[in-house]
Amino acid sequence: MHEVEVLQLLVSPAHRLAGRPADGPSDGPADERVREVQVRSGLGLVGDRYFGRPAHRDAAVTLMAVENLPRHIAAEADLRHTRRNILLRGVDIDAFVGRTIELDSGAGPVTFLVNRPARPCAWMDVTIGPGAQKALRGKGGVRCTPLSDGVIGLGRAVFRCVDAAADSRDDAGR
């Protein structure tokens with residue numbers, strides 16, 4: 001268990017990166033970042049485009065480490081560009097694939113099953129800049145299933161791996 005920081009949260013009601021990257025993102029609000037998110041077990045983030053969709057239940061929430069953003073390509077790169085949901089500082093979230101984690105930003109722990117990597121697509125070269133897709137390979141974040149209801153807000157949080165391999169994985173996140 002160790003302290004991390006929730007830097008950004010994004011809840012997007014529409015899928016804005018559909019079709020060909022050359023056509024650019026679909027219209028939508030300029031900024032879909034929020035101060036807190038409501039998490040529902042097995043469903044995702046209330047108000048998000050993947051909430052309750054059967055095809056996305058194992059990938060309803062995406063977490064990413066700020067340390068992996070390709071800021072050498074675009075200094076302003078953030079969740080608006082990657083379309084991930086939760087941006088964390090202080091944990092190598094990509095190292096937790098196959099594990100169960102908890103994130104507690106003060107309203108109680110929210111549990112996630114970290115299912116698989118969130119692989120970067122060609123859109124990253126459009127939304128961030130040329131070379132971003134390659135720069136994010138292996139560190140584009142993770143796709144998760146929420147296992148509990150709760151609230152996650154911006155600011156300091158406690159991160160914990162709760163499965164059997166927690167001791168060795170917890171050290172990997174520092």
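3J(HN,Hα) couplings calculated from phi for the range 108-114 with the Karplus curve 6.51 cos²θ - 1.76 cosθ + 1.60 (θ = phi - 60°) are, in sequence order, x, x, 10, 9, 10, 8, 8 Hz; Gly and Pro show x. Applying 0.36 nm per residue to the separation of Asp58 and Arg40 and subtracting their alpha-carbon distance, the gain on full extension is 5.2 nm. Count Lys and Arg as plus one, Asp and Glu as minus one, and take only other residues whose Cβ is under 11 Å from that of Glu67; the net charge is then +1.
Every number in this text was worked out from the coordinates using simple rules, so none of it is lab data. On a predicted model such as this, the values are computed, not experimentally measured, just so you know. Using ideal geometry, Cβ is built from the backbone for each residue, glycine included, and neighbour counts are taken over all protein chains shown.
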